Structure formats: structure tokens, C-alpha cells
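A.B. asks: Please read through the structure below; I'll follow up with questions.
The values are calculated or read from the model by the stated rules, or taken from the named source; none is laboratory data. If you're wondering where the values come from, they're calculated on a predicted model, not measured in any experiment. A quick note on method: Cβ atoms are made from the backbone with ideal geometry, for glycine too, and the neighbour counts reach across all protein chains shown.
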Amino acid sequence: MCDQTFVAVTFGPCDSCSKASPLMNIYIKNEPINYCSFCVEMMACQGLQKGETLASLKRECDNLKKKLEEERGKLNDVELHQVAEKTEVLGALSVKTRRVLKGHGNKVLCMDWCKDRRRLVSSSQDGKVIVWDAFTLNKEHGITLPCTWVMACAYAPSGCAVACGGLDNKCSVVPLSLDKTENLAAKKKSVAMHTNYVSGCTFTNSDMQLLTCSGDGTCALWDVESGQLLQSFHGHTADVLSLDLAPSETGNTFVSGGCDKKANVWDMRSGQNIQSFESHESDINCVKYYPSGDAFASASDDATCRFYDLRADREVAVYQKDSIIFGASTVDFSLSGRLLFAGYNDYTINAWDVLKGTRVSVLFGHENRISRVRVSPDGTALCSASWDNTLRIWA
Amino acid sequence: MCSSNSVVQAQKLVDQLRVEASMERIKISLTAADLVQYCQDHRRSDPLLTGIAASSNPFKDKKTCVLL
């Protein structure tokens, strides 16, 4: 019986037949099981209903896919920009650079605002994580991590800790102390352990739980205090590059996007993948929920950003221009959801009118790729992080 | 994609698609109207959209003061 080649993390006696062989690490009802590939196939064949064969499963798979397409097509009775025809046309934004945060010695890969609307944390390729006061440009804390490429950082809701992770395959939480002389790196606590780089992290509604996504193709929910894995989310077939938590009013879901060109919506409690969207033509670099929680946007290497409606279960807008040929790496909405800020690899940030699908403004200033854009919690400013080693605040 | 030969992969895919197919969907004319409504309801509280005075935006420079 031939099966797909798979990456075997472990080699040892199979839990079922006790023969030593490369083991597939799979989860049955969230319990990890280590079976050799032969036993996994046997178990699956025994699980087949009467009359099912591989061929019949494949046929059902194709039929279901067609049915999904049809169902989604039926709802496409009008375009978003048609519904938005009566809304006023937006004038160009009078937004310009108000602060330039210099201090990183290498590419800034990620940033996150604190809920107090003035502090932010940023992380860079040289392993440094800096907490800034954006009003005064004061660097409040600096943490040096032993790894390079700290691709993910997040501020805790309380403002008392930051999480960061990257090529070390871990996501660590560092409590921020008011004592400047304290060595923060010493208090660093490893929470998440993945088998590949950590590409994104965010705290859930409290400081107690951390959600991470990784190059190993999974997302995971961790308890910060004990480091225990609370839930894992399997379904992506390639690196997961980004995730975003649904705004608190709408409940326990989050969206993730990755190199398999898919954006998946997950139920945090059950680990179930509840919706999946595949319309991008290349890696999805960033996903972000619309402020109401009923939609989300994605940025991709195919130079487009797309807008997906969760209740209609389909893509409803594509933000693209022939003149934009470089990949988009990051997106964020303004407070009302009318504007979508997207950072691109051509060093610019484009502001799109979400409803009409047109570009409103282009923000120039950075001297290298934009890695992250984030609107401040009260909506007064936009912060952008770039490979030119700086962050900029636009207002 | 159903190109794998593995029964496990095919079963997982079929289960996943069954879950997705059973979802209740709403017409775009209704959902889009809600999205537009949300934007309109919140536009006044969106500083980047409407612009706010330099005096209330901590990032904008205040008018310079002249020393007499």
C-alpha cells in the first residue's frame, strides 16, 4: 500500500503494532497518537462506512466542492461596491509621518500597540525587542533574545507583559518591570513550543492565554502560566503566516492565513475549522478582522488584498491595481472599517476605501519593505514597521 | 485537492467539506448592507477618516509658540 511521504518527527515503536518505524504524529479527539503509517491506513480503512472506497470518497469530495461553489454563487446577488454607491466618496487623506522611531539595528519585523494607545512593542531581525513610548520616542524597555528573526510580538492586554517569538520555534512571555535596572531577558518564560518558526502571536482577551501560528502549519492556544497546550488547530497544508482574533463581541473564533493560499476561520474551543477561503493566487501574508467581526481582509504576495464576508461565506472585494506589482505584506482597518491600510514590498502603504474598492491615498516615506501596519487602539494614528530599521507613526 | 492516495487524507477532507457545506449562508445584498451600515455608524469616531484637530491629536504638532 503506497502512501504519501510525510515528515517524520519521531522514530520508534508504533503504539499499535510495536514495530520500530518512522511515526506519524496524529491527533484523535485531541489525544496525540504515534502510529506507523501502515497502522494509520489500517485504522482509516476500518473507519470506512460500508460501501466506501477511496474512489468513492474522492467522488464525494469533488461533489461537495462543487456544491459549495454553487451555494456560494447563489448568494452573489450584488457587489459590495454597488451596495456602497450611495456612500460619500472619500477625499485624499491628510495623513503624514509624525514620528520616526529609530533604534533598531536591523529590519523591524513586527509591532503591536498597547491598549493605553501610546506604548508599542516592536521586534527585529537582530533579536531585539523594544518597548517605546510613541508620544515621546522614549525607549522604555529593551530585551535581547538569543535568536534572530523575531517575527512575532504582541502586547498583553494589561500592558504588563509582551510576547515574542520567531526562529527559536518558541513564543516567550516577558513581564515588563518598572525597575529599569532589571534584566528583563532573565524573566523570560517560554510558553509556546512549535516544531518550526513562530510567525504570529496574540494574547486572547486576558494575559492568561496566548494564541500562536507557526511555520509548522499549525496554530495553537497556550496557557501562559503553565505553558500547557490547550488546543491545537490543524488544517493548513503549509506554513501559517498570520492570525487575528475576532473582536470580543463576536465570540471565540480566529482567522489564520498561510502559504497554502488559504484563509481559515477556527472555533477556539473545539479546534474545528469552520470556514475556509481560497481565492488568493499566492501566499497570504496577513489577515485582519473587520471591526464588526463579520468580515476580514487579507494581504498576499499576489499583490492584492481581498475582503471576505463571513456570513455570505465568500470574497466580496479585491483591492488591486495594474500599477501595484509587489506583494502586500500587512493590512489593518481604521476604527470604522472604512479604510484599509496595506503595506507593500515596494516600500509604500496604500489606503483603500473598503466599500468602494478604490485607492484613497498612498503613503510614502519608508526606504524598504513594510513588514507591519497597525492602527492605534483609539484610531488616531497608524504605525508602520519596515525593513529600513525604523517605525513611523502617521496621523 | 483530492489528489492524495491516502484514505486518511480523503476522509479528513470529506469530513471538513461536510462541515463547511452545512453552513447557513446569507445573501450578499443583506450582509453588504450591514457592512456599509457599520461604516456609516462609526465614521464620526474614526479620526483617520474624518481628521481631528491638532490640539486633540497627541501626535500632531501643536502650533509653535513665539517667545516675546
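A.B. asks: Restricting to segment B:37-54, name every residue that is within 12 Å of A:Leu339 (Cα to Cα) and of a type in the set (A, V, I, L, M).
C.D. replies: If the condition is that a residue be within 12 Å of A:Leu339 (Cα to Cα) and of a type in the set (A, V, I, L, M), then B:Leu48, B:Leu49 are the ones that fit.
Yes/no matrix, rows are residues, columns are (1) modelled with pLDDT of 80 or more; (2) at the interface with chain B (Cβ under 9 Å from one of its Cβ atoms); (3) within 28 Å of A:Ser242 (Cα to Cα); (4) outside any helix (DSSP H, G or I):
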| site | (1), (2), (3), (4) |
| --- | --- |
| A:Asp15 | yes, no, no, yes |
| A:Asn34 | yes, no, no, yes |
| A:Cys45 | no, yes, no, no |
| A:Leu48 | no, yes, no, yes |
| A:Val89 | yes, no, no, yes |
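A.B. asks: Could we say that A:Thr212 is closer than 21 Å to A:Gln275 by Cα and surrounded by 21 or more Cβ atoms within 10 Å (Cβ to Cβ) here? Walk me through how you get there before you give the answer.
C.D. replies: On the way: closer than 21 Å to A:Gln275 by Cα: yes; surrounded by 21 or more Cβ atoms within 10 Å (Cβ to Cβ): yes.
Yes: the conditions hold for A:Thr212.
A.B. asks: If you take the residues of segment B:20-39 that are in a helix (DSSP H, G or I) and either more than 7 Å from chain A (Cβ to nearest Cβ) or charged (D, E, K, R) (or both), which of them is farthest from A:Gly357 (Cα to Cα)?
C.D. replies: Going through the qualifying residues, I end up with B:Glu20.
Residue-wise test of (1) outside the structural domain of A:Trp132 (by the TED database); (2) without any contact (Cβ under 8 Å) to a residue 40 or more places away in the chain; (3) within 21 Å of A:Lys115 (Cβ to Cβ).
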position	(1), (2), (3)
A:Thr148	no, yes, no
A:Ala161	no, no, yes
A:Val173	no, no, yes
A:Leu178	no, yes, yes
A:Glu182	no, yes, no
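A.B. asks: Which one of A:Ser56, A:Ser94 is free of Cβ contacts under 8 Å to residues at least 24 places away in the same chain and either loosely packed, with under 14 Cβ neighbours inside 10 Å or within 30 Å of A:Leu391 (Cα to Cα) (or both)?
C.D. replies: A:Ser94
A.B. asks: Please determine whether any residue of segment A:176-190 is within 25 Å of A:Arg269 (Cα to Cα), within 14 Å of chain B (Cβ to nearest Cβ) and of a type in the set (Gly, Ala, Ser).
C.D. replies: Taking every residue of segment A:176-190 in turn, none turns out to be within 25 Å of A:Arg269 (Cα to Cα), within 14 Å of chain B (Cβ to nearest Cβ) and of a type in the set (Gly, Ala, Ser).
A.B. asks: Going residue by residue through segment A:93-110, is there one that turns out to be closer than 28 Å to A:Tyr308 by Cβ, at the interface with chain B (Cβ under 8 Å from one of its Cβ atoms) and part of a loop (DSSP other than H, G, I, E, B)?
C.D. replies: Yes: one or more hits.
A.B. asks: Looking at A:Asp223, A:Asp260 in this structure, which one is within 14 Å of chain B (Cβ to nearest Cβ), at negative phi and surrounded by fewer than 21 Cβ atoms within 10 Å (Cβ to Cβ)?
C.D. replies: Criteria check complete, one pass: A:Asp260.
A.B. asks: Here is a follow-up. Taking the conditions exactly as written (in contact with a helix residue (DSSP H, G or I) (Cβ under 8 Å, 6 or more places away or on another chain) and crowded, with 19+ Cβ neighbours inside 10 Å), does A:Ala312 satisfy them or not?
C.D. replies: Yes; evaluated as a whole, the condition is true for this residue.
A.B. asks: Could you list all residues from segment A:228-253 that are closer than 20 Å to A:Ser206 by Cβ and within 14 Å of chain B (Cβ to nearest Cβ)?
C.D. replies: Correct list: A:Phe233, A:Pro247, A:Glu249, A:Thr250, A:Thr253.
A.B. asks: Applying the selection to segment B:37-62, what residues are surrounded by 12 or more Cβ atoms within 10 Å (Cβ to Cβ) and of a type in the set (A, V, I, L, M, F, W, C)?
C.D. replies: B:Cys39, B:Leu48, B:Leu49, B:Ile52, B:Ala54, B:Phe59
Listed here are the residues, each with its yes/no results for (1) within 14 Å of chain B (Cβ to nearest Cβ); (2) over 22 Å from A:Pro247 (Cα atoms).
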residue	(1), (2)
A:Asp294	yes, no
A:Cys305	no, no
A:Leu310	yes, no
A:Ile324	no, yes
A:Asp332	yes, no
A:Ser336	yes, no
A:Val354	yes, no
A:His366	no, yes
A:Leu391	yes, yes
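A.B. asks: In addition: When the residues of segment A:282-299 are narrowed to those that are in contact with a helix residue (DSSP H, G or I) (Cβ under 7 Å, 6 or more places away or on another chain), in a loop (DSSP other than H, G, I, E, B) and of a type in the set (Gly, Ala, Ser), which ends up farthest from A:Ala238 (Cα to Cα)?
C.D. replies: My answer is A:Ser292.
A.B. asks: Within segment A:184-207, how many residues turn out to be in contact (Cβ under 8 Å) with a residue 40 or more places away in the chain and over 22 Å from A:Asn138 (Cα atoms)?
C.D. replies: Qualifying residue count, segment A:184-207: 14.
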